[in-house]
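Each reported figure results from applying straightforward, stated rules to the coordinates on display, with no laboratory input. Every value quoted in this text rests on a predicted model; they were computed, and no experiment measured them. Glycine also receives a Cβ, built like all others from the backbone with ideal geometry; neighbour counts cover every protein chain displayed.
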């Protein structure tokens, strides 16, 4: 007996099967976590965002039309959840008290961590300014390391269009970030 397709599992969930949703989660949780980790760069935060994505997916499952891949729909929810998380995090960052470090090695490590986080934040900030298709394409390629063929499937376009989206997205990022950072090849 062949395993159920995502669309068949969605139909079962909509008919009331919690077990079918568990199967969908098991099937896609690693992908959602890896994409989320690529955005937030913290294990615990990525787990939180992953959980948020699946709660949202369960709530919004009736909006899935089934005319594309379920995976692409789920990645769209994942991208939105991560961008929302980053916005909340930026907003909340100004409210956090500064940690006082008595040990100079701790202070040096915190300074290096802060510099790295600022660099990552700058890239993620610029990434979030791309249109949603461009943001997802770059995230899947450079954070998730997906081949262009799979990116095209997630974006529901041809491989040529996916390559074009990646090329133009990287051009925009290079223009905006200048020579401050080396962007993927």
**Study point:** Whole-number D in µm² s⁻¹ for the range 1-93, Kirkwood Cα-pair radius fed into Stokes-Einstein, 25 °C, 0.890 mPa s
**Key:** 179
Practice item. Can you put 135, 157 in order of Cβ neighbours within 10 angstrom, beginning with the fewest? Key: 157, 135
Practice item. Just grab the label-to-label distance for residue 122 and residue 55, each label 7 Å out from Cα along the Cβ direction, in nm (one decimal). Key: 3.4
**Study point:** Proxy reagent accessibility, fewest Cβ within 10 Å first, across 144, 118
**Key:** 118, 144
**Study point:** Cα→Cβ-extended label distance, 7 Å offset, between residue 7 and residue 41, nm
**Key:** 4.0
Exercise for review: Please give the FRET efficiency for residue 17 paired with residue 72, using the beta carbon to beta carbon distance and R0 = 22 Å, rounded to the nearest 0.05.
Suggested key: 0.45
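Would you mind ranking 85, 73 so that the residue whose beta carbon has the fewest other beta carbons within 10 Å leads the list?
Numbers: 85 19, 73 22.
Ascending Cβ contact count within 10 Å gives the list 85, 73.
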